[in-house]
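First up is the structure itself, then whatever we jot down about it.
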Amino acid sequence: KFVTQAHISNKAELLQQASNYVSQVKLEIGLLGTANVYNSDQSGFNLETHAGRTLASKGSLKVECLAQSLNSLTHSYTIQPLISADGILKSPLLIVLQETSGHFGPIVQKSMYKADNILVFATKSGKLTSDLAIKWFEAVFLPNAGEKSVLSLDSWSGQTEKKFENTDKGGKEIKILTIPAGTTGSIQPLDVYVFRPWKNFLKQFSDLILLYNYDINLHLRNNILKIQSLIHNQFSSPRFKNIIKYAWWKSGYIEQKPDRSETPVDFCLKNCGTVCKICNNIAVIKCAWCTNSLCMEHF
């Protein structure tokens, strides 16, 4: 990990700011309960992503790995989940795709994959804008928020409390707390742990598609949406509640360390059976909800 000289010089100050912020959020949790304190953040994903490991002869100077599209290894899109301190992954998941025009045309909108657990927008960069942040606040956060809630966000200028002050909150009391710049790696729950198993799941699942030579182009728009919808669905299972709670504990916001839980990769992919419960074809995933091992067609 590379850091700047300024980061090293200000380390003590950053630690103090982080400690003060954690204390503030813990106070809010004490007043409102874990179910009413939330964290949300964006994370970028390449259109195609893999684990980065393969087999090669010992001493090989050049090792080539298989990918469906080299271009998709450098172009990206963004997701933004919402989690609460009681270990719940909220729905829907925001996905921002990269489109040349910055929006979806009528033909694309008609054929685009839709699911109840995803909300999809487009920008030229594939990154969130301040206008989309407001739409996310209205369409995702407010419907999930309680009458009195706290939302913990990083210091990106596009999502400050001032940006949301003119939004109709429907009578709800919403307090937005801004995580001090330079401290998100240690006190933002999504950064501390949730995004890591999320990306690991995507890498492992993508590798399975290549391994079994499925006719699925990972970098296509609809397949990106299907895979992210699938991951969100699996991570939403009560089975993985402690993983999200662990992220809050590791960040310092809750006192009691949650019980150890299998990761989604271990439960869904590594412990998957060999045969599909429905059709006896090769199983690729074990559903976190029904616990059945299923093939690509029946999942």
*Taking the residues in segment 104-157 that are crowded, with 17+ Cβ neighbours inside 10 Å and among the hydroxyl-bearing types (Ser, Thr, Tyr) as candidates, determine which candidate is nearest to the chain's Cα centre (by Cα).*
Ser152
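A quick yes/no check of all residues on (1) of a type in the set (Val, Ile, Thr); (2) in contact with a Pro (Cβ under 6 Å, 6 or more places away or on another chain):
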{"residue": "Trp248", "(1), (2)": "no, yes"}
{"residue": "Ile254", "(1), (2)": "yes, no"}
{"residue": "Asp259", "(1), (2)": "no, no"}
{"residue": "Thr263", "(1), (2)": "yes, yes"}
{"residue": "Cys279", "(1), (2)": "no, no"}
{"residue": "Ala283", "(1), (2)": "no, no"}
{"residue": "Ala288", "(1), (2)": "no, no"}
{"residue": "Ser293", "(1), (2)": "no, no"}
{"residue": "His298", "(1), (2)": "no, no"}
*Of all residues in segment 71-99, count the ones that are of a type in the set (Val, Ile, Thr) and either modelled with pLDDT under 95 or within 10 Å of Ser40 (Cβ to Cβ) (or both).*
2
*If a residue has to be without any contact (Cβ under 8 Å) to a residue 24 or more places away in the chain and surrounded by 14 or more Cβ atoms within 10 Å (Cβ to Cβ) to count, how many in segment 276-290 make the cut?*
5
*Find the residue count for segment 248-271, including only residues that are farther than 16 Å from Asn200 by Cα and touching a strand residue (DSSP E or B) at 6+ places or on another chain (Cβ under 9 Å).*
3
_Criterion: closer than 27 Å to Leu230 by Cβ and touching an Asp or Glu at 6+ places or on another chain (Cβ under 7 Å) - qualifying residue of Asp207, Asp116, Asp154_ = Asp154
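Which residue, of Ser23, Ser40, is at pLDDT 95 or above, surrounded by fewer than 14 Cβ atoms within 10 Å (Cβ to Cβ), polar (S, T, N, Q) and under 30 Å from Ala133 (Cα atoms)?
Working: Ser40 fails: surrounded by fewer than 14 Cβ atoms within 10 Å (Cβ to Cβ).
Unique residue meeting the criteria: Ser23.
Could you please give the count of residues in segment 158-174 that are part of a strand (DSSP E or B) and surrounded by 15 or more Cβ atoms within 10 Å (Cβ to Cβ)?
Matching residues across segment 158-174 total 1.
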*Pick from segment 272-299 the residues that are in a strand (DSSP E or B) and in contact with a Phe, Trp or Tyr (Cβ under 9 Å, 6 or more places away or on another chain): which of them is nearest to Gly30 (Cα to Cα)?*
Lys286
*Any chance Leu210 is more than 19 Å from Tyr38 (Cβ to Cβ), in a helix (DSSP H, G or I) and at pLDDT 95 or above*: no
*So Ile8 clears everything in (1) at pLDDT below 95; (2) in a helix (DSSP H, G or I); (3) buried (at least 16 other Cβ atoms within 10 Å of the Cβ) except one condition, right? Which one?*
(3)
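Step by step: first the residues of segment 242-271, then only those that are in a loop (DSSP other than H, G, I, E, B) and buried (at least 20 other Cβ atoms within 10 Å of the Cβ), then the one that is nearest to the chain's Cα centre (by Cα). Which residue is that?
Only one residue tops the list, namely Ser251.
Starting from residues that are hydrophobic (A, V, I, L, M, F, W, C) and touching a strand residue (DSSP E or B) at 6+ places or on another chain (Cβ under 8 Å), keep the ones in segment 26-40 and report whichever is nearest to Val150 (Cα to Cα).
Step by step, filter segment 26-40, then rank; the result is Val37.
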*Whichever residue in segment 215-241 is in contact with a helix residue (DSSP H, G or I) (Cβ under 8 Å, 6 or more places away or on another chain) and surrounded by fewer than 17 Cβ atoms within 10 Å (Cβ to Cβ) and, among such residues, is nearest to Lys286 (Cα to Cα)*: Ile216
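The values are calculated or read from the model by the stated rules, or taken from the named source; none is laboratory data. As the structure is a prediction and not an experimental result, all values here were calculated from the model. Neighbour counts are summed over all protein chains in view; Cβ atoms, including those assigned to glycine, are modelled from backbone coordinates with ideal geometry.
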